[in-house]
1. Helix-derived [θ] at 222 nm for the chain: sum -39500 (n - 2.57) over DSSP H runs of at least 4, divide by residue count, nearest 500?
2. If I model a spin label at R41 and T7 as a point 7 Å from the Cα along the Cα→Cβ vector, what separation in nanometres do I get?
3. When only Cα pairs under 8 Å and 6 or more residues apart are kept, what is the percent relative contact order across segment 28-105?
4. Can you give the Rg and Dmax of segment 28-105 based on its C-alpha atoms, in angstrom?
Amino acid sequence: MIKVGETLPDVRFFEFIEEATEGCAVEPNAFPVRERCAGKRVVIFGLPGAFTPTCSARHVPGYVEAADLSAAGIDEVWCVSVNDAFVMSAWGRDLQTTGKVKMIADGSARFT
């Protein structure tokens, strides 16, 4: 567990972007965790795998329901799993996480 004040590991995650924007192609886009979290308060929770029964039925939906944590000073909520970015994106579409919980891939399990 990473505690308040500790430095995040220097790893890269992947996020599948479905709509191209400046600097983000429609493909898995790598980003450094430290850079993306700089100056933000981010809730990062990890799950063992996409489309697993309990994670799909209870864990992710619970975070989606509680995603507006701005009153608590939280800027973003991320779900991290050891799947690739394509699978994480499909799981997010299935659970309707867009705009609430970012579905982030740690396919090499370097962060996990």
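1. -5000 deg cm²/dmol
2. So the label points at R41 and T7 sit 2.4 nm apart.
3. Taking the mean separation of contacting Cα pairs over the length of segment 28-105, I get 36 percent.
4. Just the Cα atoms of segment 28-105 yield Rg and Dmax of 12.1, 35 Å.
Since every read-out is calculated from the coordinates, none of them should be taken as a lab result. Predicted model, so just to flag it, every value in this text is computed and none were measured. Every residue, glycine among them, receives a Cβ derived from its backbone with ideal geometry; neighbour counts consider all protein chains shown.
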